[in-house]
Amino acid sequence: MQFTDLNLDKRLLATIEHLGFDKPTDIQQQAIPAAMNGHDLIASSKTGSGKTLAFLLPAMQRLMNNRALSKRDPRVIILTPTRELAKQVFGQLRLLAANTQFKSVLILGGENFNDQAKTLAKDPHFVVATPGRLADHLTHRHLYLQGLELLILDEADRMLDLGFSKQLAQINTAADHRKRQTLMFSATLDHAQVNEFASELLSKPKRIAIEHGHSEHQDINKRFYFVDNLEHKEKLLSYFLTNEAHQQVIIFTATRSDTERLAQLLNEQGFNSAALSGELMQSQRNQIMDSFTRGQLKILVTTDLASRGLDLLNVSHVINFDMPKHTEEFIHRIGRTGRAGASGEAISLVGPKDWLSFKNVEGFLQQKISFDSVDGFKAKFTGIKKKKPLKAKKVNDKKVHSKKQDKRPKQQIKQKVNFVSDSAGDLPVMRRKAKLAPQDIDESNE
Ligand code: ADP
Ligand code: MG
């Protein structure tokens, strides 16, 4: 299939040609016609497979084909979990909109609220935003969504993970009319929370799943190394940076404070690195991302703030200095390399504190993972063995119970057993429900 087979306006085709794309990717081939036919979509495909154009092209086309429902309200809203991703999507949108009459604006947390109100008063057709800030503007009646035709949620699952379901519901309610179409995109859209949410927001959605988040991304070479402790991690990290040919590198740590510390350490060792975290002022965040995008900065040390969506073509290595707390972020983190058919290396360091997260990732990927090692950096740690099955213990427990008479309500006793058996089984679910310490979450938005 060619782009010319998709019934797209010639102005859009001209931009695509200018971008140098030969043919639509798989997700584009399927999602573009489905979206143009007016379906709500839950669409997933692997990282770096062109999801952005898969929603931007039908959105542009819809505006060209149809008359606006309202003269003033935005016609398309695109939401993303982070400011950095919103900026990137906005950049692509601007390219597509360049030859058209459509106005687009970017509304992000961390920027001047009143300036944004003025921009919104100019009645843009497209709004690209982070959900918290857009919801604030709705509350202040800086925009109305009765005329909204298309609501697009990029990295929808991550927005839910970050706790934006309330804001998303508010946006949904403000645009609650029959002509609205809703599109959800991510590489990982197959967990229960997403389905529940989708059933609220979408009507008779069509599901398009090109490749599951679980399945192999053939172009990314995943390697895992045991480590004993923090010092061991740091040594191994310098070893890789010194001995492996690389272009740009993204290093993911568990917490914001670790990003600073590690970036400083690497700079002391003569590497060119900077820390990006939600703690920084927006101007600093912009400056760091700009210099990384331009290639002046070689190594970006960050949290899951940067795990989603960022399209950085020269990232040859992703290093999980710490394993991710949210299992599916593994897929997204390593997906910062191997973009658009390129190949990449994904190195994960697994110490005792990472073990549970590692096991979750292993379960999520549905494969047995084997570990690599580097001479001179072998770890004593080789994983934590599973506890003995509960069976034998249960007999003992029974005895104890019969002697002592457990006064707890039945429900409570049962719960405890469930919890123990869960920890050997369905871990991703448990992790998702677990509350993370505030310092572990890098709030990327407001
Ligand atoms: P995803 O959202 O699936 O992670 P992106 O939309 O960020 O992927 O696209 C990844 C890269 O692929 C971008 O650099 C984009 O410009 C490029 N790309 C998109 N569509 C095509 C295409 N049809 N052919 C070649 N490259 C493409
Ligand atoms: Mg994307």
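The values are calculated or read from the model by the stated rules, or taken from the named source; none is laboratory data. Note that the coordinates shown come from a computational prediction; the quantities given were computed from them, not determined experimentally. Cβ placement follows ideal geometry from the backbone for every residue including glycine, while neighbour counts extend to all protein chains displayed.
Can you tell me how many residues in the stretch 37-79 are among the basic types (Lys, Arg) and under 16 Å from the mean Cα position of the chain (by Cα)? The total comes to 2. Considering the stretch 144-159, the residues that are part of a loop (DSSP other than H, G, I, E, B) and either of a type in the set (A, V, I, L, M, F, W, C) or within 13 Å of ligand 2 (Cβ to nearest atom) (or both) include one that is nearest to residue 40 (Cα to Cα), namely 148.
Taking the listed residues 244, 234, 279, the one that is among the acidic types (Asp, Glu), farther than 19 Å from residue 91 by Cβ and in contact with a strand residue (DSSP E or B) (Cβ under 8 Å, 6 or more places away or on another chain) is 244, with no other qualifying. Pairs linking a residue in the stretch 172-193 that is more than 21 Å from residue 61 (Cα to Cα) to a residue that is part of a loop (DSSP other than H, G, I, E, B) and within 16 Å of ligand 2 (Cβ to nearest atom), with Cβ atoms under 6 Å and 6 or more positions apart or on different chains, are 186/155; 187/46; 187/47; 187/213; 188/213; 188/328.
Table: residues versus (1) touching a Phe, Trp or Tyr at 6+ places or on another chain (Cβ under 8 Å); (2) within 29 Å of residue 81 (Cβ to Cβ).
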{"site": "227", "(1), (2)": "yes, no"}
{"site": "236", "(1), (2)": "yes, no"}
{"site": "243", "(1), (2)": "no, no"}
{"site": "252", "(1), (2)": "yes, yes"}
{"site": "265", "(1), (2)": "no, yes"}
{"site": "282", "(1), (2)": "no, yes"}
{"site": "285", "(1), (2)": "no, yes"}
{"site": "289", "(1), (2)": "no, yes"}
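Per-residue answers, yes or no, for (1) touching an Asp or Glu at 6+ places or on another chain (Cβ under 8 Å); (2) within 18 Å of residue 378 (Cα to Cα):
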{"position": "315", "(1), (2)": "no, no"}
{"position": "322", "(1), (2)": "yes, yes"}
{"position": "325", "(1), (2)": "yes, no"}
{"position": "329", "(1), (2)": "yes, no"}
{"position": "333", "(1), (2)": "yes, no"}
{"position": "338", "(1), (2)": "yes, no"}
{"position": "350", "(1), (2)": "no, yes"}
{"position": "362", "(1), (2)": "no, no"}
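Can you spot a residue in the stretch 307-315 that is among the aliphatic types (A, V, I, L, M) and more than 16 Å from ligand 2 (Cβ to nearest atom)? Within the stretch 307-315, not a single residue is among the aliphatic types (A, V, I, L, M) and more than 16 Å from ligand 2 (Cβ to nearest atom).
For the stretch 331-341, the criterion of being more than 16 Å from ligand 2 (Cβ to nearest atom), modelled with pLDDT under 95 and not assigned by TED's automatic domain parsing to the domain that holds residue 25 is met by none of the residues.
Looking across the stretch 16-34 at every residue that is among the small types (Gly, Ala, Ser) and closer than 21 Å to residue 310 by Cβ, the one that is farthest from ligand 2 (Cβ to nearest atom) is identified as 20.
Scanning the stretch 47-77 for residues that are more than 11 Å from ligand 2 (Cβ to nearest atom) and among the small types (Gly, Ala, Ser), we see that the one that is nearest to residue 341 (Cα to Cα) is 59. With respect to residue 37, is the statement that it is without any contact (Cβ under 8 Å) to a residue 12 or more places away in the chain, away from ligand 2 (no atom under 14 Å from the Cβ) and more than 25 Å from residue 330 (Cα to Cα) true? Against the criterion (without any contact (Cβ under 8 Å) to a residue 12 or more places away in the chain, away from ligand 2 (no atom under 14 Å from the Cβ) and more than 25 Å from residue 330 (Cα to Cα)), residue 37 qualifies. Quick check on the stretch 386-403. Is at least one of its residues modelled with pLDDT of 70 or more and under 17 Å from residue 230 (Cα atoms)? Scanning the stretch 386-403, I find no residue that is modelled with pLDDT of 70 or more and under 17 Å from residue 230 (Cα atoms), so the answer is no.
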